[in-house]
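Heads up, the thing below is written out as structure tokens.
Every number in this text was worked out from the coordinates using simple rules, so none of it is lab data. Everything numeric in this text was worked out from a predicted model, so none of it was measured. Note: ideal-geometry Cβ built from the backbone for every residue, glycine included; neighbour counts use all protein chains shown.
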Amino acid sequence: MLVRSLIGTGFGLRSRREGTGIGVAGAALIALLCSSCFSDSTEASAQSTANTGGSGAAATTPEAATPATATPATPTDSLEADLVAVARPKIDALTGALAAGDLEAARDALEAYDAAWNGIEVYVNVRSLSMYLKLEADLEVAIEEGLAEDAPNFTDLQALSEELAARYDEAIALSVQGPRLSPLFDDVAALRIVRADLRITGSALKDGNIAKAAEYFARFAEGFEDAYPLFKVRDAAAAEDAERAVDAAVAAFSESTTTADELAPLTAEVLSMYNYGLSLWTTAARNADPSRTDVTTADLLRLSQLHDIRIQLAKSWEAWQAGDFAKAGSVAEVVATTAFDRVKPALIAKGADAALKDLIDGYAALAGAGGDAEEVGDANLAAVRGVAVAEQALLGQFWTDEAVQAHLAGLPDVDSLT
């Protein structure tokens, strides 16, 4: 977890770093994330090794074959293994609470585990989908549902928690013994760990617990200081929008009269924007190709083609706002057909065609007629952001490459859509 203190009763707005380099920002964020948790994670890693007997669990799990985003390597002592191990002691706390029949402590322990797990689950998901589903969709859900019953069966739940611990040790072994993944996954995990406090904020507000929500949002706001430069690397305008949303929520929490109902939509907006920024990093990581070492002219052409879609979407939206629905619709139709078809083969190769096409079609269906401005604007913005995600699918691993940045700088400007 981040080493941080509450920002104060007024939270306090602070300037965020303007750095754009992945290495510096990512390393600083990850260092903060890990500096206070290695004592637990070291113990958990040792326990994992003892339980598995160093038997090479990764080799015996079908999904543990080298992922597309991995590079051949000897067993790793990477940050991944340390981060995955952080959640392990939370399971022991859960098991202890269940053994004691302490319902409140068990619920708190499960919440703490879920927050830690949500931060690092991407590693497990990539290495073994069946392991991921067993841990989350099977065991965790069963425990959560059991704790929600009027009279929880603590004996059965303790057994489930013990099985969760045993399976989690296997997940740790996958990270320890498996080939290294793209380092982009470390950035993804770091961003997800920061987000965990925001998710708890939302749950607390649902329960009307403003004090708890304020505590966890303060932690999130502290972590956002270091997450911001990472978001800015992928989409500077969206990062600034997210920063404004965070500051608005900080200001609202600073007012003692603000209600949970008033805070909820503000934090939901922050979560939505944060999830978009995170999706850019996740897409880049999942589509990283270790066999590729440089950028080609064809790659840059694909970026130009996607940018043309972005420009046409902007033109269509401007026409719609001006009341020229015929033009707005016709331009949107060109985007959905001719412009999209140019880049479609490259997107298909990455499995990124359908998602973008659905967003474009969603906007095109509204663009040719009058309607609710907020609905049409949201559909347009969703399509624009879909373009950004597609860019990361095609070339995210090289996003900070000098050739890519120079090419992007030479593309026509597009006014920010709001």
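Output the number of residues of region 251-262 satisfying the condition of being surrounded by 12 or more Cβ atoms within 10 Å (Cβ to Cβ) and part of a helix (DSSP H, G or I). Qualifying residue count for the region: 6. Within region 166-189, can one find any residue that is over 21 Å from Ser78 (Cα atoms) and either in a helix (DSSP H, G or I) or touching a Gly at 6+ places or on another chain (Cβ under 6 Å) (or both)? The answer is yes, given that some residue of region 166-189 is over 21 Å from Ser78 (Cα atoms) and either in a helix (DSSP H, G or I) or touching a Gly at 6+ places or on another chain (Cβ under 6 Å) (or both). Of everything listed in (1) under 23 Å from the mean Cα position of the chain (by Cα); (2) within 22 Å of Ala204 (Cα to Cα), the single unmet condition for Ala137 is (2). All told, Gly368 falls short of being surrounded by 15 or more Cβ atoms within 10 Å (Cβ to Cβ), in contact (Cβ under 8 Å) with a residue 40 or more places away in the chain and within 25 Å of Ala239 (Cβ to Cβ).
One line per residue, one yes/no per condition, for (1) assigned to a helix (DSSP H, G or I); (2) among the aromatic types (Phe, Trp, Tyr); (3) surrounded by 21 or more Cβ atoms within 10 Å (Cβ to Cβ); (4) touching a helix residue (DSSP H, G or I) at 6+ places or on another chain (Cβ under 6 Å):
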| position | (1), (2), (3), (4) |
| --- | --- |
| Arg244 | yes, no, no, no |
| Ala249 | yes, no, yes, yes |
| Ala264 | yes, no, no, yes |
| Leu280 | yes, no, yes, yes |
| Arg292 | no, no, no, no |
| Leu301 | yes, no, no, no |
| Ile309 | yes, no, yes, yes |
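Results for (1) touching a residue at least 60 places away in the same chain (Cβ under 8 Å); (2) of a type outside the set (Lys, Arg); (3) crowded, with 21+ Cβ neighbours inside 10 Å; (4) closer than 16 Å to Ala249 by Cα, shown as yes or no for each residue.
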{"site": "Gly202", "(1), (2), (3), (4)": "yes, yes, no, yes"}
{"site": "Gly223", "(1), (2), (3), (4)": "yes, yes, yes, yes"}
{"site": "Ala227", "(1), (2), (3), (4)": "yes, yes, yes, no"}
{"site": "Val233", "(1), (2), (3), (4)": "yes, yes, yes, no"}
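Out of Ala97, Ala105, one residue alone is surrounded by 15 or more Cβ atoms within 10 Å (Cβ to Cβ), more than 19 Å from Ser203 (Cα to Cα), free of Cβ contacts under 8 Å to residues at least 24 places away in the same chain and touching a helix residue (DSSP H, G or I) at 6+ places or on another chain (Cβ under 6 Å). It is Ala97.
Quick one: Ala379 ticks every box in (1) in contact with a Phe, Trp or Tyr (Cβ under 9 Å, 6 or more places away or on another chain); (2) touching a residue at least 40 places away in the same chain (Cβ under 8 Å); (3) buried (at least 19 other Cβ atoms within 10 Å of the Cβ) except a single one, so which number is it? All conditions pass for Ala379, except number (2).
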